[in-house]
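For reference, the structure is listed below as structure tokens.
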Amino acid sequence: MTEFLFFLLSAAALLSAVFVVVSRKPVASVMFLIVTLFSLAGLFVLLEAHFLAAVQVIVYAGAIMVLFLFVVMLLNLGHVELPDFRSAMARLLAGAFGIALAAFTAWTLLNGSDPLTAYGASAADPIQSVLKARGAIGALAVPLFRTYLVPFEVTSLLLLVAIIGSVVLARKEAP
Amino acid sequence: MTSTLIRVALLVSAALFAIGVTGVLLRRNAIVVFLCVELMLNAVNLSLVAFSRLLGIDGQIIVFFVMAVAAAEAAVGLAIIIAVFRHYEDVDVDRFDLLKW
């Protein structure tokens with residue numbers, strides 16, 4: 001059952017990702033990216049990352065994609081001089097590069113050693129035990145506020161800089 | 001069974017990243033290029049979550065930071081797109097040459 005659901009969500013993510021790239025209207029691209037993000041949230045649940053699945057839906061699909069939709073609807077696109085898709089030659093090169101990249105990474109993954117043994121993972125399930133001990137949120141919160149406290153605070157600084165930067169950049173008069 | 005799931009997750013992550021790269025190379029609309037960059041960030045997140053299934057919770061915390069950086073990047077990038085649109089009435093990446101000279 002888990003595997004069937006996993007394959008289904010993977011197929012949905014990949015298919016909608018392809019439609020993000022090939023659909024002509026930017027609004028349709030944003031909508032298909034939201035489908036991809038929801039499928040990825042489902043995959044996160046199946047990989048025992050429950051809190052990240054919730055954050056994916058709330059922050060990514062909820063907040064960031066709404067920002068994208070606002071910008072798409074704010075900018076009156078539709079009278080473009082150049083076509084959105086590049087020339088046939090560039091399309092061919094981009095497709096070939098993408099297929100080559102996917103084939104290379106897939107070949108590396110399939111021919112490499114088993115991920116369970118290759119990276120020195122212990123036989124005991126590391127996520128299940130910590131989830132059982134602390135719960136889905138505590139499992140992330142305890143290391144986040146102990147081991148990773150400094151990066152966490154730096155992230156708040158980064159968000160502050162991003163807020164100020166976007167306000168300055170999007171002002172009416174030229175900065 | 002977990003091993004199969006992780007293998008499939010890594011393959012899906014590789015394919016998503018390749019689709020994102022293809023989109024960045026293919027499109028001229030800056031907003032769609034940004035969407036494809038988000039696609040690549042999410043592909044990396046998926047592989048980090050898959051590896052954290054094997055190696056412990058630290059991978060999930062890195063995903064947390066990647067999401068924060070993605071939010072900041074989206075805000076600043078969209079502000080730049082709005083500023084460029086005011087200047088050119090267009091969001092074509094081939095015309096983003098105002099920093100060139």
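The values are calculated or read from the model by the stated rules, or taken from the named source; none is laboratory data. None of the values given here were measured: they were computed from a predicted structure. Positions of Cβ are backbone-derived with ideal geometry, glycine not excepted, and every protein chain shown enters the neighbour counts.
The residues of region B:65-101 that are closer than 30 Å to A:Ile127 by Cβ and surrounded by 22 or more Cβ atoms within 10 Å (Cβ to Cβ) amount to a single one, B:Ala74. It is to be established whether one or more residues within region B:93-101 are over 20 Å from A:Leu160 (Cα atoms), at the interface with chain A (Cβ under 7 Å from one of its Cβ atoms) and of a type outside the set (Lys, Arg). Scanning region B:93-101, I find at least one residue that is over 20 Å from A:Leu160 (Cα atoms), at the interface with chain A (Cβ under 7 Å from one of its Cβ atoms) and of a type outside the set (Lys, Arg), so the answer is yes. Checking each residue in region B:55-66 for being at the interface with chain A (Cβ under 7 Å from one of its Cβ atoms), touching a helix residue (DSSP H, G or I) at 6+ places or on another chain (Cβ under 6 Å) and aliphatic (A, V, I, L, M) picks out B:Ile57, B:Ile61, B:Val63. Does any residue of region A:90-97 turn out to be more than 18 Å from B:Arg28 (Cβ to Cβ), part of a helix (DSSP H, G or I) and not aromatic (Phe, Trp, Tyr)? There is at least one residue in region A:90-97 that is more than 18 Å from B:Arg28 (Cβ to Cβ), part of a helix (DSSP H, G or I) and not aromatic (Phe, Trp, Tyr). The condition of being without any contact (Cβ under 8 Å) to a residue 12 or more places away in the chain and either facing chain A (nearest Cβ under 7 Å) or on the phi > 0 side of the Ramachandran plot (or both) holds for only one of B:Ile6, B:Ile82, B:Ile19, that being B:Ile82. Confirm whether A:Leu75 is at pLDDT below 90, over 30 Å from B:Arg53 (Cα atoms) and buried (at least 18 other Cβ atoms within 10 Å of the Cβ). The answer is yes for A:Leu75.
Just one of (1) more than 8 Å from chain B (Cβ to nearest Cβ); (2) outside any helix (DSSP H, G or I); (3) surrounded by 14 or more Cβ atoms within 10 Å (Cβ to Cβ) fails for A:Arg24. It is (3). Exactly one residue out of A:Leu67, A:Leu5, A:Leu9 is facing chain B (nearest Cβ under 7 Å), of a type outside the set (Val, Ile, Thr) and in a helix (DSSP H, G or I), and it is A:Leu67. Whether a residue is without any contact (Cβ under 8 Å) to a residue 60 or more places away in the chain, at the interface with another protein chain (Cβ under 7 Å from one of its Cβ atoms), touching a Leu at 6+ places or on another chain (Cβ under 7 Å) and surrounded by fewer than 21 Cβ atoms within 10 Å (Cβ to Cβ) was assessed, and A:Phe44 does not pass this test. Taken over region A:143-157, the criterion of being loosely packed, with under 15 Cβ neighbours inside 10 Å and over 22 Å from B:Ala50 (Cβ atoms) is satisfied by A:Phe145, A:Arg146, A:Leu149, A:Val150, A:Glu153, A:Val154, A:Ser156, A:Leu157.
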